[in-house]
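A.B. asks: Can you keep this structure in mind? I'll have questions shortly.
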Amino acid sequence: MITPSFSLTATERVLPNLALDFTTASLDARVTFTRSGDTATVVDSSGYIVGINANLPRFDFDPVTLFCNGLLIEEARTNIATYSEQFDNPVWQNFETSESANTVNSPANTLTADKIIDTNVSAVHRIKQDFTSAGTTYSMSVFAKTAEYNRFTIRALPSGNYATFDTNLGTVVASSGGTGTIVQSGNGFYRCSFVSTESAGAASFNIILNTNTGSGNQVFTGTGSFGVYIWGAQLEAGAFPTSYIPTTTTAVTRNADVATMTGTNFSDWYNPTEGSFVVTLNQFGLATGTNAQAAIAVDDGTTGNRNWLYARSTGDVGQNIISSGGSTISNILSSATISIDTNFTHAISYKTNKFVYSLNAVQNGIDTAGNVPVSPTQMYIGSRSGNLAYLNGHINRIMYYPQSLTNAELLAFSK
């Protein structure tokens, strides 16, 4: 680390005071990380889903390329679906189906994936788990792999909304009333997810066998032995699925990830007068409405004196805001858009009466009025003070320069 004098030579201008690269799967000793409870999982460097203990950072790997996506930061979520890996448990009700337990290796590389099997009756062949809807939006997901059938459906009741997935092609082939997604996982599995808003009251999470159609409730005569491999069911309140939370007898909560730099671990590199941040990240879900999700937030422990980079779902817009004394003094909106699960780079420079913001090498605005936040004392990574605005994604890199970069430098660094 460069010792900041804040009077830089021409050579030092292009060198950051802080350089955090989380794609190396290591945590800088100056970063404090917390997450209570031993309920979280992560994809390890072999591409398999593994449990991880409390207060350990999650460096999440792509299960196909084995590339480290960076530091995973998520909000708290609860898997309401019980017996998430035991589909032969009576909580999963059979309708012209049966299960063969522990048939193939799962995305965790353990012999725990089950096969859901049809009967030789003309019917809708399905399993379901009941729950009580709070009248909100739910994400329903399960890991699935082709056996004899390569298509199956996730259907939500009482709405009847559904999505049908093809586990040979890795595609959503049909949907109605909600949004389906499919993502490749380990051992030939795909994580198939469906997001649907359900009215309050009795509800159910349905997994339905499908021969070769897009129907959400297909009737067909089965063979008595054909089916699909499944593992890791998850039912969570939220507009997008989060990392897998295993359950047995009861619902399980994975608590939020909190990463901070405080004290001299912060003040040794931060220049309160002027500076520039360049942050590369990706998000697998965007908060609804005007709710924001933070990339980084520098503040004094209050919400009225902060400098932060964030994104939200309104037009999938990357944004920057700086506040001081409780008043917004700079709020520069991106003219570009961000895409789910795709890396993008925020860049901001700040000093009194000059705030510049770029997203993916596009300059989105210059604000020429306002003072910088007074005496910040900490930086949150992937959230903000009060443990709010969680990223729900991966932080790849954070670079900090103790001077206001030129506009050309900011554009170049945000590529």
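Values quoted throughout were computed directly from the atomic coordinates according to the rules given, and no laboratory measurement underlies them. In this text the structure is predicted, and so the values were computed from the model without any measurement. Neighbour counts are summed over all protein chains in view; Cβ atoms, including those assigned to glycine, are modelled from backbone coordinates with ideal geometry.
A.B. asks: Compute the Rg to Rh ratio over the chain from the alpha carbon atoms, using the Kirkwood formula for Rh, and round to two decimal places.
C.D. replies: In the chain, Rg relative to Rh is 1.04.
A.B. asks: Here's another thing I want to ask about it. Rank Phe131, Phe355, Phe143 by mean-square fluctuation in a GNM of the chain with C-alpha springs under 10 angstrom and give only the top-ranked residue.
C.D. replies: So, out of Phe131, Phe355, Phe143, the one fluctuating most is Phe131.
A.B. asks: Which of these, Leu72, Leu286, Leu56, has the largest mean-square fluctuation under a Gaussian network model of the chain (Cα springs below 10 Å)?
C.D. replies: Of the options given, Leu56 has the highest mean-square fluctuation.
A.B. asks: Could I ask something else about it? Kindly state, as a whole number, the per residue volume in cubic angstrom of the convex hull around the alpha carbon atoms of region 78-253.
C.D. replies: Convex hull volume per residue, Cα atoms: 94 Å³.
A.B. asks: Give the lysines reachable from Lys354 as a straight Cα distance under 28 Å; neighbours fewer than 8 places away on the same chain don't count.
C.D. replies: Cross-link targets: Lys415.
A.B. asks: Next question. Most exposed first by the Cβ proxy, i.e. fewest other Cβ within 10 Å, how do Glu96, Glu74 rank?
C.D. replies: Taking fewest neighbouring Cβ atoms as first place, the list is Glu96, Glu74.
A.B. asks: Taking amide hydrogens as modeled 1.01 Å from N in the peptide plane, which residues meet the under 5 Å criterion relative to Thr179, leaving out close sequence neighbours?
C.D. replies: Here Val195 satisfy the definition.
A.B. asks: What's the local net charge at Ala101, with K and R +1, D and E -1, over the other residues with C-beta under 10 Å away?
C.D. replies: -3
A.B. asks: Of Gly186, Phe205, Thr112, whose Cα points farthest to the positive end of the dipole of region 78-253 (charges on the beta-carbon: +1 Lys, Arg; -1 Asp, Glu; origin at the Cα centre)?
C.D. replies: Towards the positive end, the residue furthest out is Gly186.
A.B. asks: OK, next. Apply the Karplus curve 6.51 cos²θ - 1.76 cosθ + 1.60, θ = phi - 60°, to the phi angles in region 362-371 and return the couplings in whole Hz, x for Gly and Pro.
C.D. replies: 10, 6, 9, x, 10, 10, 10, 9, x, 9
A.B. asks: Another one. Return the long-range amide H neighbours of Thr119 (sequence gap of 5 or more, or a different chain), with a cut-off of under 5 Å between placed amide H atoms.
C.D. replies: Gly222, Gly224
A.B. asks: Sum -39500 (n - 2.57) across every DSSP H segment of at least 4 residues in the chain, then divide by the residue count to get the 222 nm mean residue ellipticity, nearest 500.
C.D. replies: -500 deg cm²/dmol
A.B. asks: For region 242-299, run through the chymotrypsin sites (Phe, Trp or Tyr not before Pro) and keep only the ones in DSSP coil with at most 15 other Cβ atoms within 10 Å of their Cβ.
C.D. replies: In loop regions of region 242-299 (DSSP not H, G, I, E or B), there are no sparsely surrounded chymotrypsin sites (Phe, Trp or Tyr not before Pro).
A.B. asks: Roughly how big is region 78-253's charge dipole about its Cα centre, with Cβ charges of +1 (Lys, Arg) and -1 (Asp, Glu), in debye to the nearest 20?
C.D. replies: Dipole size: approximately 240 debye.
A.B. asks: Something else about it: Residues with amide H under 5 Å of Gln403's amide H, sequence separation 5 or more or different chain, H placed in the peptide plane at 1.01 Å from N; which?
C.D. replies: Ser276
A.B. asks: While we're on this one: In which sequence would Ser36, Ser139, Ser339, Ser383 go, from the one with the fewest C-beta neighbours within 10 Å to the one with the most?
C.D. replies: Sorted ascending by nearby Cβ count, the order is Ser339, Ser36, Ser139, Ser383.
A.B. asks: Which residue, chosen from Ile52, Thr406, Tyr138, occupies the Cα position most advanced towards the positive end of the dipole of the chain, where the dipole is computed from +1 (Lys, Arg) and -1 (Asp, Glu) charges on Cβ about the Cα centre?
C.D. replies: Thr406
A.B. asks: If you put +1 on each Lys and Arg Cβ and -1 on each Asp and Glu Cβ, how big is the dipole of the chain around its Cα centre, in Debye rounded to 20?
C.D. replies: Once rounded to the nearest 20, the dipole reads 500 debye.
A.B. asks: Would you be so kind as to identify which of Tyr162, Ile340, Ser26 lies farthest towards the positive end of the dipole of the chain, taking Lys and Arg as +1 and Asp and Glu as -1 on Cβ and the Cα centre as origin?
C.D. replies: Ile340
A.B. asks: Still on this structure: Among the aspartates and glutamates, which have Cα under 18 Å from the Cα of Lys351 when same-chain residues fewer than 8 positions away are ignored?
C.D. replies: List returned: Glu274, Asp299, Asp300, Asp367, Glu409.
A.B. asks: Also: Most mobile of Asn210, Asn353, Asn94 per a Gaussian network model of the chain (Cα springs, under 10 Å)?
C.D. replies: Among Asn210, Asn353, Asn94, the largest mean-square fluctuation in the Gaussian network model of the chain belongs to Asn353.
A.B. asks: Of the listed peptides 106-114, 85-93, what is their order by residue-averaged count of other C-beta atoms within 10 Å, with the highest listed first?
C.D. replies: 106-114, 85-93
A.B. asks: Enumerate the aspartates and glutamates that Lys115 could reach by cross-link, defined here as Cα to Cα under 15 Å, with residues fewer than 8 away along the same chain left out.
C.D. replies: Glu85, Asp88, Glu96, Glu99, Glu148
A.B. asks: Please work out the FRET efficiency for the pair Leu27 and Val121, using the Cβ-Cβ distance as r and a Förster radius of 60 Å; give the result to the nearest 0.05.
C.D. replies: 0.65
A.B. asks: What number, in percent, do you get for the relative contact order of region 78-253 if the mean sequence gap of Cα pairs under 8 Å and at least 6 apart is divided by its residue count?
C.D. replies: Relative contact order, region 78-253: 35 percent.
A.B. asks: If I stretch the segment between Thr213 and Ile340 completely, what's the gain in nm (0.36 nm per residue apart, minus their alpha carbon distance), one decimal?
C.D. replies: Stretched fully, the Thr213-Ile340 segment lengthens by 42.9 nm.
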